[in-house]
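Written out below as structure tokens is the structure these notes cover.
The values are calculated or read from the model by the stated rules, or taken from the named source; none is laboratory data. Quick caveat: nothing in here was measured; it's all calculated off a predicted structure. Positions of Cβ are backbone-derived with ideal geometry, glycine not excepted, and every protein chain shown enters the neighbour counts. These area figures cover heavy atoms from the full protein model, side chains too; ligands, DNA and RNA do not enter into them. Shrake-Rupley method; radii C 1.70, N 1.55, O 1.52, S 1.80 Å.
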Amino acid sequence: MEMTMCFPLLLLICSLSTAQLQTEADNEIIPHGKQTESQGREPTNASDRQQTCTQDINAVLREMSATLAEQRVEMRHLQRENEAQAAKLRELELQKTEVDKMKQQLKAQAAELSNMTARTDVTENQVEALKRDNEAQAAELTNTRAELTNTRAELTNMRAELSNTTARTDVTENQVEALKRDNEAQAAELTNTRAELTNTRAELTNMRAELSNTTARTDVTENQVEALKRDNEAQAAELTNTRAELTNTRAELTNMRAELSNTTARTDVTENQVEALKRDNEVKQVAFSTSLLASGSGYIGPFNTHTPLVFRYVVTNIGNAYNPNTGFFIAPVRGAYHFEFYILAHGHASHPSAVVLVKNGEHIFMAYEHQPSGVGSSANGATLLLEVGDVVFLHLWENARIFDNENHHSTFSGNLLFTM
């Protein structure tokens, strides 16, 4: 603006200077005759013209300065007005962005609430079904306990034997260990469930952040500023309506969040019940397969008395009913179990290869092999009806020995065929 006003001023000054120079040149070429006549008037006319030109220039300069000052004031006023309009535009855009974000969050919360409600209904149905199964199992457990009481009364007569007393003590210790393992497994499963819930909440937070980033992509341009100047009144009304809608949306979102929190808590309780019922049913899956030595090779025996064998290399132990520290298998449920055992030993003139399958101190089946040289092997198996807490293991026969190495020749295996 200032450069635009300076150009006319410079042009005016140049024009006046040119006119003055032209006048002086015309005065120099006046005829000599007239020069004499005008010599008396020339100093006065030149002085008058110079004074008049200076006054005109000063007047133009004053007028130009006044005009320039007015335009500067007007330009500052327009700049302030432009800044105010831009601030209003930014405020309106922020309000629109917040409203869009709240609407999207409301939709997402509604969808999530619907999914959680459906999931809760399905889970409650599962709980009812599992409760019915548990009632049947409770009745079966009552019968099992009665039979177990009768069996324990019969076993009282056998407590005089030292080996049976030792076996029963080991059974009690193993039951304590099994309960400790069950508690550790339950604690680990509870930790995993909590971690899964934390991951789900983190995923929901990430989705909300992504939604917020997606809705914040609006840019302000100079054309939008001009349009906002023309539509300022209409946008002010729209801003008022938007603020009212935002207030209502926030209240609705608060209610939705409270309802979602209640539904989430209810779902957590239901899922914990389902997991507990599932763990009760998993005890029906029992199987193990072991070998005598965990590593290396060598003989076990001979000993001068029957000696329990501990099979330390565990290939499979579903249900953790077999204890690799004691060599005892403890029945977790009443049912039919099948056991198999294989032995191997090099021939010896004085020491056979012989083991006995023992149930609660009672000898069931034997695997026996004796030859003076070479390599001999033997095997046997049995299907037994076991009560809860019954103990099954292998005895090494007195004065006998068996061999095992990294090929795992001497093994002991068993599994639950079905519950009763």
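Matching residues to (1) outside any helix (DSSP H, G or I); (2) surrounded by fewer than 11 Cβ atoms within 10 Å (Cβ to Cβ); (3) within 60 Å of the chain's Cα centre (by Cα); (4) modelled with pLDDT of 85 or more:
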{"position": "Ser17", "(1), (2), (3), (4)": "no, no, no, no"}
{"position": "Gly33", "(1), (2), (3), (4)": "no, yes, no, no"}
{"position": "Thr36", "(1), (2), (3), (4)": "no, yes, no, no"}
{"position": "Gln55", "(1), (2), (3), (4)": "no, yes, no, no"}
{"position": "Leu78", "(1), (2), (3), (4)": "no, yes, yes, yes"}
{"position": "Glu83", "(1), (2), (3), (4)": "no, yes, yes, yes"}
{"position": "Asp100", "(1), (2), (3), (4)": "no, no, yes, yes"}
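For residues in segment 340-374 being of a type in the set (D, E, K, R) and within 17 Å of Pro308 (Cα to Cα), which is surrounded by the fewest Cβ atoms within 10 Å (Cβ to Cβ)? Checking each candidate, the answer is Glu362.
Filter segment 108-125 down to the residues that are more than 16 Å from Ser261 (Cα to Cα) and either modelled with pLDDT of 85 or more or loosely packed, with under 14 Cβ neighbours inside 10 Å (or both) and list them by number.
Asp121, Val122, Asn125
For segment 320-339, enumerate the residues that are surrounded by 19 or more Cβ atoms within 10 Å (Cβ to Cβ) and either in a strand (DSSP E or B) or among the small types (Gly, Ala, Ser) (or both). Answer for segment 320-339, where residues must be surrounded by 19 or more Cβ atoms within 10 Å (Cβ to Cβ) and either in a strand (DSSP E or B) or among the small types (Gly, Ala, Ser) (or both): Ala321, Tyr322, Gly327, Phe329, Ile330, Ala331, Gly335, Tyr337, Phe339. Quick check on this structure: which one of Ser350, Ser378 is over 22 Å from Ala287 (Cβ atoms), small (Gly, Ala, Ser) and more than 55 Å from the chain's Cα centre (by Cα)? Exactly one residue qualifies, and that residue is Ser350. Filtering segment 167-210 to residues that are among the hydrophobic types (A, V, I, L, M, F, W, C) and modelled with pLDDT of 70 or more leaves Ala167, Val171, Ala178, Ala185, Ala188, Ala195, Ala202, Met207, Ala209.
Annotation: of all residues in segment 307-319 being open to solvent by 40 Å² or more (accessible area, probe 1.4 Å) and among the hydroxyl-bearing types (Ser, Thr, Tyr), the one that is nearest to Glu387 (Cα to Cα) is Thr316.
With respect to Gln105, is the statement that it is assigned to a helix (DSSP H, G or I), more than 28 Å from Glu252 (Cβ to Cβ), at pLDDT below 90 and open to solvent by less than 60 Å² (accessible area, probe 1.4 Å) true? Give the derivation first.
Details: assigned to a helix (DSSP H, G or I): yes; more than 28 Å from Glu252 (Cβ to Cβ): no; at pLDDT below 90: yes; open to solvent by less than 60 Å² (accessible area, probe 1.4 Å): yes.
Against the criterion (assigned to a helix (DSSP H, G or I), more than 28 Å from Glu252 (Cβ to Cβ), at pLDDT below 90 and open to solvent by less than 60 Å² (accessible area, probe 1.4 Å)), Gln105 does not qualify.
Test Asn304 against the stated conditions and say whether it is assigned to a strand (DSSP E or B) and surrounded by fewer than 17 Cβ atoms within 10 Å (Cβ to Cβ). Spelling it out, it is not the case that Asn304 is assigned to a strand (DSSP E or B) and surrounded by fewer than 17 Cβ atoms within 10 Å (Cβ to Cβ). Among the residues making up segment 321-371, a single one is within 15 Å of Ser289 (Cβ to Cβ), of a type in the set (A, V, I, L, M, F, W, C) and touching a helix residue (DSSP H, G or I) at 6+ places or on another chain (Cβ under 9 Å): Ala321.
I'd like to verify a number: residues in segment 356-377 that are over 12 Å from Phe403 (Cβ atoms), touching a residue at least 12 places away in the same chain (Cβ under 8 Å) and either β-branched (Val, Ile, Thr) or not in a loop (DSSP other than H, G, I, E, B) (or both), how many? Number satisfying all stated conditions: 10. When Leu394, Leu417 are checked against the criterion of being outside any loop (DSSP other than H, G, I, E, B) and open to solvent by 60 Å² or more (accessible area, probe 1.4 Å), a single residue qualifies: Leu417.
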